[in-house]
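Throughout, read-outs are computed from the coordinates displayed, never taken from laboratory work. Because the structure is a prediction, the values reported are computed rather than measured. Note that each Cβ is placed from the backbone with ideal geometry, even for glycine, and that neighbours are counted across all protein chains shown.
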Amino acid sequence: MKLFDPHIHMTSRTTDDYQAMADAGVLAVVEPAFWLGQPRTHAGSFEDYFLSLLGWERFRAAQFGIRHFCTIGLNPKEANNPKLAEAVLEMIPLYLEKAGVVAVGEIGYDDVTQEEEEYFRRQILLAQAAELPILIHTPHRDKKRGTERTIALVRDCGIAPEMTLIDHNNEETLPAVLDSGCWAGHSIYPNSKMDEARMVSLIEKYGSERMIVNSAADWGVSDPLKVPKTARAMAQAGIAETTIEKVCWVNPVDFFAQSGRLDPVEVATPLSVDQRELFQGNSVLRGQVPRTS
Amino acid sequence: MSSNAPSFSSADLRAALVSLPGMAEWVDDVGSGIQTPDTLSFRARYAAAQRKLRHVEARPLPSSSTATAHWTPVDWARLWLLREGLEQTPDSARFAAVETVFEGGELGEQVSLLRSLAALDDPERYVEIGVSACRTNAVPVFEAIACENVYPSRYFPQLNFNQMVMKAVFLGVSLSRVVGLAQRLDHELRRMAYDYAAERVAAGRAVPNDLLLLGYAR
């Protein structure tokens, strides 16, 4: 079965992870622009990060047969420094034009401050202007309230719910997100947030319409194989294969294909692997024999 | 003397520092020519204090309500350095100078700076730095502002205080370490604690005991 991980921070993962993901059937990923664990202090740091998502990381993924897409945006954790935030917002329209970008994100609330709301709103407007979907991070603290505020802001801006993916849902936030007509993402983590068993229950209860799962694997304790593992958990629970395929492949493809930058037929075609390739003179290999397929 | 002024003078602080074995030489060494905190010269001394003073034996120093027993000699030395440096800094440039030291600091420097925030002149002017520090996921840095530190309960806006407390719960940092929690506990924070407990119950997971300190009743 073809698998898609539509929220994973590959810059923080090793090639072991890419290999394991490829072996488990992950054919494509979306890597959202986010923070690095501590706040950046220069606008240039954002710019170089965006470039790495569009350059080296895309190349690294391709070396393992994985198609890499990304989202570009100012994340909520770094939206409270107006001087930096303004400078980042200024560069976003240019970066949205680049190949590989499939949405504006991750945007949203973190502490739910006025500054966060301003930059959240302005980026929704940028997405509408660029005709791109949006990927929304919901806060981990005061999540239900933050999600309610998110849905209200999305409505207020008038962006189509079908162009909106609200991520990191749980039992408390999912009903309202589904009612709003937006897509609902779920990040499956080893010890916190959502897990496979609870995800199975949510699929059984709410169905597969607009439901998406991801690993949100990053530099913290997380697992880049959570999409394959969730697919397996669903199969073991007796959920129909077409349903599993809808949640783990068709839905994320359909959502991000709305960008016009991801072709559903092309993304389903295996990428040929040629590890002899270099990116700006750099190889992913360190003495290994190059794989080609 | 305003209620925000530190409870000990720089002269007292210097005298206390030089009483620590091994510290006098360093104080004399750097004592002349301390520049404003945004200079490379200052920042290098602030950074180097760790490896130069890490062997100085910790002893109780004149404490006030703005300092606690967990400060290391390096923390004290850096506080003194910073206050001296800010004396050289025009009033309008002081926030930017402290911000430079914070943003440009590695983990240890950030910890020292955050511990010392309430002991600076006009501490409330640095509230953006304290709030920004809470955004880190590096636990020692978070603890430096959130724990055993009077700064948040004295100077943080309520929204930011509440978010800091909830983040402490998330990071597994004990709320008993948050100074002034009972005084700043408001209706909104109680509501956030209650909602979080409900979220944990819905997920079939244990409710952290610390939520009891926020008024949650099982």
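Some notes on this structure:
- For the protein assembly as shown, a crude dipole built from +1 on the beta carbon of Lys and Arg and -1 on the beta carbon of Asp and Glu, taken about the Cα centre, is about 960 debye to the nearest 20.
- Taking a sphere under 10 Å around the Cβ of residue A:184 and counting the other residues whose Cβ falls inside, with K and R at +1 and D and E at -1, yields a net charge of -1.
- More than 30 angstrom apart: percent of Cα pairs within the protein assembly as shown: 53
- Built amide H within the under 5 Å cut-off of residue A:70, gap 5+: A:31, A:101, A:102
- In degrees, nearest ten, helix B:187-202 long axis to first principal axis of chain B (Cα): 60
- Modelled label reach - residue B:88, point 7 Å along Cα→Cβ, segment B:12-46 residues with backbone N closer than 18 Å: B:14, B:26-46
- Cross-link check: pairs A:2/A:246; A:77/A:226; A:193/A:229 evaluated at a Cα-Cα cut-off of 22 Å; pairs beyond the cut-off: A:77/A:226.
- Burial ordering of B:165, B:18, fewest other beta-carbon atoms within 10 Å first: B:18, B:165
- Gyration tensor verdict on segment A:47-122 (Cα atoms; rounded if a/c is under 1.5, prolate if a/b is larger than b/c, oblate otherwise): prolate
- Computed [θ] at 222 nm, helices only, for chain B once each DSSP H run of length n ≥ 4 contributes -39500 (n - 2.57): -16500 deg cm²/dmol
- Environment charge of residue A:174, counting only residues whose C-beta is closer than 14 Å and scoring Lys/Arg +1, Asp/Glu -1: -2
- Segment B:120-193 versus segment A:194-214: alpha-carbon centroid distance in Å: 35
- Look at the stretch A:140-153: the mean tally of other chain Cβ atoms within 10 Å of its residues' Cβ atoms is 3.
- Over segment A:1-84, the alpha carbon radius of gyration divided by the compact-protein estimate 2.2 N^0.38 Å works out to 1.17.
- Going from the residue with the fewest nearby Cβ atoms within 10 Å to the one with the most, A:2, A:144 rank A:2, A:144.
- For chain B, the longest principal axis of the alpha carbon atoms and the long axis of helix B:158-171 meet at an angle near 80°.
- Cα principal axis extents for segment A:36-175, largest first, Å: 40, 34, 30
- The calculated Kirkwood hydrodynamic radius for chain A is 19.1 Å, given to one decimal from all distinct C-alpha pairs.
- Cβ-derived FRET efficiency at R0 45 Å, residue B:212 paired with residue A:274, nearest 0.05: 0.15
- Shape of segment B:147-218, Cα gyration tensor, a/c cut at 1.5: prolate
- Dividing the convex hull volume of the alpha carbon atoms of segment A:187-293 by its residue count gives 164 Å³ per residue.
- For chain B, the longest principal axis of the C-alpha atoms and the axis of helix B:40-53 are separated by about 80°.
- In terms of surrounding Cβ atoms within a 10 Å radius of their Cβ, A:56, B:80, A:183 rank from fewest to most as A:56, B:80, A:183.
- Computed from point charges on the beta carbon alone (+1 for Lys and Arg, -1 for Asp and Glu), the dipole magnitude for segment B:132-211 about its Cα centre is near 40 Debye.
- Put simply, segment A:237-281 fits an ellipsoid with semi-axes of 29, 16, 8 Å; these come from the alpha carbon gyration tensor as the roots of five times its eigenvalues, largest first.
- GNM remark for chain B: springs join alpha carbons under 10 Å apart, and the peak mean-square fluctuation among B:92, B:41, B:153 falls on B:92.
- Ordering of A:46-54, B:182-190, A:249-257 by packing [mean C-beta count within 10 Å, highest first]: A:249-257, A:46-54, B:182-190
- Taking Cα centre as origin and charging only the Cβ of basic (Lys, Arg, +1) and acidic (Asp, Glu, -1) residues, the dipole magnitude of chain A rounds to 480 debye.
- Descending principal axes extents, chain B, alpha-carbon based, whole Å: 61, 36, 31
- At an R0 of 41 angstrom, the distance between the Cβ atoms of residue A:286 and residue A:250 translates into a FRET efficiency of 0.65.
- Value of Rg to Rh for segment A:191-244 (Rh from inverse mean 1/r over Cα pairs, i.e. Kirkwood): 0.97
- Taking the centroid of alpha carbons for each part, segment A:113-140 and segment A:246-275 are 24 Å apart.
- Of the residues B:93, B:156, B:129, the one whose Cα sits farthest towards the positive end of the charge dipole of segment B:91-199 is B:156 (charges of +1 on Lys and Arg Cβ, -1 on Asp and Glu Cβ, taken about the Cα centre).
- Calculated FRET efficiency for the pair residue B:148/residue B:186, C-beta based, R₀ 22 Å, to 0.05: 0.50
- Cα-based shape type of segment B:105-182, given that a ≥ b ≥ c are square roots of the gyration tensor eigenvalues and the cut on a/c is 1.5: oblate
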